[in-house]
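Enquirer: Attaching a single structure in structure tokens format; questions to follow.
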Amino acid sequence: MQPRKYRVDIYWSEEDECYLAEVPDLPGCVTHGETVSEAARNAEEAMECWLEAAEEAGDPIPLPSTVKQWSGRFLARIPRDLHADLALEAQRQGVSLNQYVVAQLAAASAVTRARRAPRRTRPAAGQARASRKPAKAT
């Protein structure tokens, strides 16, 4: 199997009292570690297990999102009153509308990411978790 570079998100879990490592492109591919480096090592093992299981089941292997390239630009159609509110607040803060909207989106994205962090039961010590969602029946 060709090695692929998947993004691994590692973050501290207060609930589990350890670092969790999640591979967003591989649903259910989550592990943990007492340190960031241990969580990263365990993530490598969990990815291998996930990919092997998918290959054996004949399931499609997702491309890593890290291969995707984004331009950093997009166009959003918004109601006029929202446009006015955003422009006035940006002016009040002494920044451009673009800077203000980017800051608001970044803050909202951080909150969303924090809420998305899995609340899972901690795997047994040294055990990688590489569970996968069952394939959809067609």
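Enquirer: I'm told V101 meets every condition in (1) within 30 Å of Y11 (Cβ to Cβ); (2) at pLDDT below 95 except one. Can you identify the failing condition by its number?
Expert: Of everything listed in (1) within 30 Å of Y11 (Cβ to Cβ); (2) at pLDDT below 95, V101 misses just condition (2).
Enquirer: Enumerate the pairs (first residue in the stretch 84-107 and assigned to a helix (DSSP H, G or I); second residue anywhere and aromatic (F, W, Y)) with beta-carbon separation below 8 Å, excluding pairs fewer than 6 apart on the same chain, so at least 6 apart or on different chains.
Expert: Every condition considered, the pairs that remain are L86/Y100; E89/Y100; A90/Y100; Q93/Y100.
Enquirer: Considering the stretch 11-40 alone, what residues qualify as being assigned to a helix (DSSP H, G or I), surrounded by 15 or more Cβ atoms within 10 Å (Cβ to Cβ) and not aliphatic (A, V, I, L, M)?
Expert: Our first condition is that a residue be assigned to a helix (DSSP H, G or I); within the stretch 11-40, this holds for 36-40.
Filter once more, so that each one left must be surrounded by 15 or more Cβ atoms within 10 Å (Cβ to Cβ): 38-40.
Once the filter is applied, which keeps residues that are assigned to a helix (DSSP H, G or I), surrounded by 15 or more Cβ atoms within 10 Å (Cβ to Cβ) and not aliphatic (A, V, I, L, M), the stretch 11-40 yields only E38.
Enquirer: Here are the criteria: (1) at pLDDT 90 or above; (2) assigned to a loop (DSSP other than H, G, I, E, B); (3) not charged (D, E, K, R). Tell me which single one P3 does not satisfy.
Expert: (1)
The values are calculated or read from the model by the stated rules, or taken from the named source; none is laboratory data. Note that this is a predicted model, so its numbers are computed, not measured. Cβ sites come from the backbone with ideal geometry, for glycine too, and all protein chains shown count toward neighbours.
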